[in-house]
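Novice: Dropping the structure in here first, questions after.
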Amino acid sequence: MPSADEQLPEGTDHIVEGTGANENDSADTTPPISAMPDGDQTRGDDIKGAFFDRMDEMRGQATDRARELAQTGKDRAASTLDSLVQTVEEAASEIDEKLGSQYGDYARRAAEHIGGFTDSFRDKDIDALFNDARDFVKKSPAVAIGAAAALGFVVARLARSSMSESPGKDAPKA
């Protein structure tokens, strides 16, 4: 440490005692982590633990919310399928009259199959549905891509036809 008689660097007014290094001190005076008191390390572990606990809590909340949304979507899909079954059954009698009873029977069988699918769909939980979908995609990726494209096309058409129109304009034909 410079003595009080020595010139100080430009902009320095005085020497603060204990701030300089002398020949007995090493340049780095920070204690190693292993030399830190146990309280400091414990405090760091507590903060880290609290952080990860909060992350786990948030992950659980997100998972619960995703399950709620998936269940709501499943219920809506089942309701829509029920409406489809009812529509096909009602159309079957008209098909009988216009095309013949053979074609009406086809429509009734289609309604029965859709109804059976709806019942099994409604009875499965969300995890089972996701596992079934994952297995189907693994077994038949080309069919899955084609089904996704067809579903996207149908959803886009439905969305376009259900958009609110301004008064006085006719609805676009799908």
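Read-outs: derived from the displayed coordinates by stated rules, not from any lab. Note that the structure is predicted; figures quoted are calculated from it, not measured.
Novice: Figure the gain on full extension for D123 and R67 (residue separation times 0.36 nm, minus the Cα-Cα span) and round it to one decimal in nm. Before the final figure, lay out the partial values.
Specialist: Values: separation 56, 0.36 × 56 = 20.16 nm, distance 1.56 nm.
Extra length from D123 to R67 when fully extended: 18.6 nm.
Novice: At 0.36 nm per residue, and after removing the present C-alpha to C-alpha distance, how many nm does the segment from S140 to D56 gain when stretched out fully? All intermediate terms of the calculation are to be shown ahead of the outcome.
Specialist: Working: separation 84, 0.36 × 84 = 30.24 nm, distance 3.51 nm.
That pair, S140 and D56, stretches by 26.7 nm at full extension.
Novice: Taking 0.36 nm per intervening residue step and subtracting the Cα-Cα distance, what contour gain separates R43 from E97 on full extension?
Specialist: Values: separation 54, 0.36 × 54 = 19.44 nm, distance 8.15 nm.
Extra length available between R43 and E97 comes to 11.3 nm.
Novice: Could you tell me, in Å, what Rg and Dmax come out for the Cα atoms of the stretch 41-94?
Specialist: 23.4, 80
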